[in-house]
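Data block below; observations after.
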Amino acid sequence: MADVDFFFDPICPWAWITSRWVVEVARLRDLDVEWRFISLRIVNEHRDYETEFPPGYPEIHGLGLRLLRVAAAARQEAGNTAVAALYTEFGRVIHRERRRPEAGQPEVVESALHKAGLPAHLASALDGRDYDPVIREETALALERAGSEVGTPIITFGPPDGPSFFGPVISRLPRGQEAVDLWEAVERLARFRGFAELKRSLRDTLQIP
């Protein structure tokens, strides 16, 4: 069993920052992280995109689902480490290089696969539906663990039976001891069974590392 399950949609910038923090903590604490899927398009499929979201969100969330299909194909072929490597490359394109409009183009996906050490043929999963059942299943699992009124990411400590929560939503990437200190604080809160929510709506400007 992994030490942590991390459910992500590659399109979400807040999940991306949190994932890089988890990577930093995993390096310092020797944590085993299982990279799992949650699709914002599936989470919000019951909502009216025309009235409840800004323009363009069907395409944005749809892109996340398309990239998760490729990640699912990568996991089937090469395992969890392949998902981690590919998520890193997707994040580089979307969040660091700010090339989201082209991130779903086959040639861009093939380049990300190559840089992740994976075969280009996995890009064929982009617009197929073969991997939708596993993405839907893991999305349902994430919501079952953390509740329905949440987004991405969702983290589980000590899966499958350990506590899960949405977030933390952080605006910058902590490094070194600061990253570990934050991890220990969040884990301590999560493992207190009476803890439900801690939130503020004010956010600093997102700082992509």
Of Arg66, Arg191, Arg92, the one that fluctuates the most in a GNM where the chain has Cα springs shorter than 10 Å: Arg191
Extension gain, His114 back to Val180 (0.36 nm per residue minus Cα-Cα distance, nm): 20.6 nm
Inter-label distance, nm, simple model (7 Å from Cα along the C-beta direction), Phe195/Asp132: 3.8
Selected from Glu184, Glu34, Glu50 as most flexible by GNM, with the chain as the system and alpha-carbon contacts under 10 Å: Glu50
Dipole moment magnitude, nearest 20 debye, the chain about Cα centre, only Lys, Arg, Asp, Glu C-beta charged: 540
Separation between Cα centres of the range 28-49 and the range 107-125, rounded to whole Å: 21
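Would you tally the net charge around Asn44, using a Cβ to Cβ cut-off of less than 14 Å, leaving Asn44 out, and scoring K and R as +1, D and E as -1?
In short, -4.
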Helix-only CD estimate at 222 nm, as mean residue ellipticity for the chain, using -39500 (n - 2.57) per DSSP H run (n ≥ 4): -15000 deg cm²/dmol
Beta bridge orientation in the chain: antiparallel %, DSSP, nearest 5: 60
Label point distance in nm, Asp48-Glu107, each placed 7 Å from Cα along Cα→Cβ: 4.1
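Read-outs: derived from the displayed coordinates by stated rules, not from any lab. Nothing here was measured: the structure is a model prediction, and the numbers come from that model. Here Cβ is always computed from backbone atoms with ideal geometry, including for glycine, and neighbour counts include all displayed protein chains.
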